[in-house]
Amino acid sequence: MLVGSILVVSWEDIGKTAILYGIVGVFHWIYRARFLQISFDPEGVRVAGISLRWWDFIFYVSFGFVVTSSVAIAGVLLVFSYLIVPSVCAMMFSDKIGTRLAIGWSMGTFVSALGVYLSFALDLPTGATIVCTFGLVFVAASLLRLIIDDDL
């Protein structure tokens with residue numbers, strides 16, 4: 001469960017996971033305004049009489065389906081690396097949601113490709129190599145942020 005079996009995932013598992021991600025993705029796209037509202041203006045939501053607890057519950061249940069299915073494939077360490085590192089790095093460089101998404105998705109794609117390449121080239125376990133690559137990229141992004149802040 002810690003490292004998963006990402007290299008030996010069956011096409012059936014990929015299909016099931018893609019369908020689940022698609023359903024959750026469409027659901028979040030449809031209700032994105034409400035999810036953003038409860039995240040950035042919870043007091044306004046309460047004043048409007050909208051159940052903050054209910055919408056939080058719906059968000060976390062849908063999030064739980066994605067995380068649970070992902071952990072079975074990739075393992076805990078890799079799933080949480082994908083959840084945390086791109087998001088934190090994006091937050092270091094932007095305050096806008098669209099820009100944060102672009103940075104996070106780009107970083108996730110780049111680190112995935114680099115981690116798989118390094119795993120192959122150095123004959124290392126894939127999941128662990130991607131996790132370590134995320135760690136190195138996070139350190140590099142943090143140093144870059146410090147350099148940028150010093151220049152301002």
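Some notes on this structure:
- Among the DSSP helices (H) of the chain, those spanning at least 20 angstrom by Cα along their long axis with an average Kyte-Doolittle hydropathy of 0.5 or more are 11-30, 52-74, 76-93, 97-122, 126-151; this is a geometric and hydropathy rule only.
- Computed label-point distance, nm, for sites VAL26 and SER87 using a 7 Å Cα→Cβ extension: 2.5
- Three semi-axes of the equivalent ellipsoid, segment 60-152, Cα gyration tensor, whole Å, largest first: 24, 19, 10
- Note on the chain: with charges restricted to the Cβ of Lys and Arg (+1) and Asp and Glu (-1), its dipole about the Cα centre is near 420 debye.
- Among ILE148, LEU118, SER106 the positive-end extreme of the charge dipole of segment 76-152 (Cβ point charges): SER106
- Between ILE50 and any residue 5 or more places off or on another chain, the built amide H atoms are never under 5 Å apart.
Read-outs throughout are calculated quantities, based only on the coordinates presented, and are distinct from any laboratory measurement. The model shown is predicted, which means the values in this text are computed figures rather than measured ones. Because the Cβ atoms are built from the backbone with ideal geometry, glycine has one as well, and the counts that use them run over all protein chains shown.
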